[in-house]
Amino acid sequence: MQVTRALEPLLPFRLCRRLLPSGLMGLSATLVKATALEIAILTGHVLLYPSGIVQERRGGPAPEFPPSGGAEDPARLPTQAPPPVVLLHGFIDNRSVFVLLRRSLAQHGRHRVESLNYSPLTCDIRIAAELLGRHIEEICERTGSSRVDVVGHSLGGLIARYYVQRLGGDARVRTLVTLGTPHSGTRVAPLASAHPIVRQMRPGSEVIEELSRPAPGCRTRFISFWSDLDHLMAPLESARLEHPDLLAENVQVSGIGHLALPVHPAVATGIRQALDSDGPAADATPGTPTAHKGDLTVA
């Protein structure tokens, strides 16, 4: 899968091009633009954060699909609604981070989208994964759907993976998309290890070790988006999902940082494509994983 989106260079960079070698200038310009975008996103997210503190209202049963009495040609309509999408935020965050992604999904036919807030005081990925499992069971019962798709940003992706891989969640989760998730652990910000859940995201932790164990027959398809400018992944490749028993696809994102992954429109396009397509992994037999390498350039 390849999605390309070019961003116009900022005016000050035109002068810099004349002063720096082309290779260094290209890298510097990309870093500056990515950093500026991260700051802008952080500022906007701080303003939106209060709106996402309270859990969202749960909807009723899904509407009839396709709608009755519609004027569209039945032959051109899907035979059934796509699975509900569950969005799971990262560490010290809430559902407000997905405002733009939700809008993008809704505009392209994903009308059953729900977010789960877990408390910032949560101290164990395993407990959060159990909460996610109860939430997904409630969604399936309410909507009549047997499976869901999940999109998890950062820690949210690790929580969802634990549910799928260790708590039998592969029976409920059709596709799991992770955005900047430390699948093999990250060493960034050592001082943050004072928080128990951060220690669980370190390489070699009990949780990371559990996720490295065999998972034969896992039915969920995984798509992992990882960025070459993700300042919270150390090393960067820790956001790649490498496991011999999982049906996994890794998509490299170039030109944006960690906070931009659930916000950038080009990434949203890649997420929609991942959810709408069965892809090579979905056709594979469990135990014979597919590790397809895609790329997504946004700068």
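Ranked from largest, the principal axis spans of the Cα set of segment 184-236 equal 38, 26, 14 Å.
The packing ranking, built from the mean of other Cβ atoms within 10 Å per residue, places the peptides 173-180, 80-87 in the order 173-180, 80-87, highest first. When the Cα positions of 274, 238, 165 are compared along the charge dipole of segment 165-288, 165 comes out farthest toward the positive end, with charges on each C-beta of Lys, Arg, Asp and Glu. Accessible surface for residue 135 stands near 20 Å², nearest 10, in the context of the full protein assembly shown (1.4 Å probe). Working note: Karplus 6.51/-1.76/1.60 with θ = phi - 60° gives segment 197-209 the couplings 6, 5, 4, 6, 8, 7, x, x, 5, 4, 5, 4, 5 Hz, where Gly and Pro are set to x. Altogether, the Stokes-Einstein calculation at 10 °C and 1.306 mPa s, with the Kirkwood radius of segment 136-188 over Cα pairs as Rh, returns a diffusion coefficient of 137 µm²/s. D for segment 137-228, whole µm²/s, Stokes-Einstein with Kirkwood Rh over alpha-carbon pairs at 20 °C and 1.002 mPa s: what number? In µm²/s, the coefficient rounds to 153. Taking 0.36 nm per residue of sequence separation and removing the Cα-Cα distance, the residue 141/residue 167 pair yields an extension gain of 7.5 nm.
The values are calculated or read from the model by the stated rules, or taken from the named source; none is laboratory data. Predicted model only: the values in this text are computed from it and were never measured. We place every Cβ from the backbone using ideal geometry, glycine too, and count neighbours over all the protein chains shown. Remember, those area values only see protein heavy atoms, side chains included, never the ligands or the DNA or RNA. Shrake-Rupley method; radii C 1.70, N 1.55, O 1.52, S 1.80 Å.
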